1. Run the numbers for residue 82 and residue 43: contour at 0.36 nm per residue of separation, minus the present Cα-Cα distance, in nm.
2. Quick check on the chain: helices-only [θ] at 222 nm, where DSSP H runs of length 4 and up contribute -39,500 (n - 2.57) each and the sum goes over total residues. Nearest 500, please.
3. Give the Rg (one decimal place) followed by the Dmax (whole number) of the chain, computed from C-alpha coordinates and expressed in Å.
4. What is the extension gain from residue 74 to residue 135, computed as 0.36 nm multiplied by their sequence separation minus the C-alpha to C-alpha distance, in nm to one decimal?
5. Tell me, what is the percent relative contact order of the range 11-131, built from C-alpha pairs under 8 Å that lie six or more residues apart?
6. With the chain treated as a Gaussian network of Cα nodes joined by springs under 10 Å, which of 59, 109, 95 yields the largest mean-square fluctuation?
7. If I fit a long axis through the Cα atoms of helix 74-96 and take the longest principal axis of the Cα atoms of the chain, what angle between them do I get, 0 to 90°, rounded to 10?
8. Given labels modelled 7 Å from the Cα in the Cβ direction, how far is it in nm from residue 57 to residue 92?
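What follows draws every value from the coordinates through simple rules; no lab data is involved. Note that this is a predicted model, so its numbers are computed, not measured. FYI the Cβ positions are ideal-geometry reconstructions off the backbone, even for glycines, and counts take in every protein chain you see.
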Ligand SMILES: [Fe+2]
Ligand SMILES: [Fe+2]
């Protein structure tokens, strides 16, 4: 069963941003499925890398928009991104060195962080961009 299910409640109103969030959700679900299926560190590590890389790409996309439109809340939004990348990066380092495993707790953290961030912080950005004519 999928850990996160996309719904309109997660829509920011910006098509590309929504598409990228759907991709992030897909990767988190993939990681969760691989964990549930008992796959080894090779498979989990591959999905985890993809998730980290795509997260960095996605945050870059949002931050470019913030800069482009002079978004006032950009410092707090970017700080949330930085903290998350640090946390997930630290986890990946531990995982790669054999000192951490993908657990239910980690998966719940990823789910909660992403859905909260989208619902609050990303939606606020999307709404502001929407008023500026971005779709
Ligand atoms: Fe986002
Ligand atoms: Fe964001």
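1. So the chain would gain 11.4 nm between residue 82 and residue 43.
2. -24000 deg cm²/dmol
3. Using the Cα atoms of the chain, the pair Rg, Dmax is 15.4, 48 Å.
4. Residue separation times 0.36 nm, minus the Cα-Cα distance, leaves 20.1 nm.
5. Working: 62 pairs, mean separation 52.1, N = 121.
Relative contact order for the range 11-131 comes out at 43 percent.
6. Greatest mean-square fluctuation among the candidates belongs to 109.
7. 10 degrees
8. Placing both labels 7 Å beyond Cα along the Cβ direction yields 1.2 nm.
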